[in-house]
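So the structure is just underneath, and the comments pick up after that.
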Amino acid sequence: MPLSADKPAADGQTLAILAEALYLANLLVAPGIAFGVLWWLWRKNKDSAAPLARQHLKQTTFVSLYGGILIVALTAIFLAIGGLHWEWTWVVVILYFTCFHSTLVMFGMFGLAKAMAGQVWRFPLIGPSLK
């Protein structure tokens, strides 16, 4: 997938773009399925991919995993504390889910832009450290 006739793709850029696109697909279009493909790509390429691709694969895989755990665990905690029948429980759960999910999507779009530019990207707070 050449970017243009003037500028060749950076080493590993196509795989980095694919990783970021799968991350967004996991959040927006096909949760679970896209994560499975992303996990498979990371396991297959974690040692052999170019540094740019390896970094984007690692970031998207682990943020998908940690983000999913945070969404499910904190939602369960809110439901356990407030109960299913208290209306404020649902206000908090929906507000939390919407804000957290939207933040993950926004950072995923930024990561995709960075991958398309051939640059590294670290997700704030829950992203693994860069080497």
Where in the chain are the DSSP H helices whose alpha-carbon span along the long axis reaches 30 Å or more and whose Kyte-Doolittle mean is at least 0.0?
-> 51-82, 87-116
What's the lysine pair count for the chain at a Cα cut-off below 23 Å, pairs eight or more apart or interchain?
-> 10
Exposure proxy check on His56, His101, His85: fewest-to-most Cβ neighbours within 10 Å is His85, His101, His56
The stretch 13-116 - percent relative contact order, Cα under 8 Å, separation 6 or more | 37
Grab the beta carbon distance between Leu130 and Val37, set R0 = 25 Å, and tell me the FRET efficiency rounded to 0.05.
-> 0.55
Coil-residue chymotrypsin sites (Phe, Trp or Tyr not before Pro) of the stretch 11-89, DSSP, other Cβ within 10 Å capped at 15 | Trp86
Could you give me the radius of gyration and the Dmax of the stretch 13-116, taking only the C-alpha atoms into account and expressing both in angstrom?
-> 15.7, 51
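Bear in mind these aren't lab numbers, they're just calculated from the coordinates by the rules spelled out. None of these values were measured; they are calculated from a predicted model. Please note: Cβ atoms are built from the backbone with ideal geometry, for glycine as well, and neighbour counts cover all protein chains shown.
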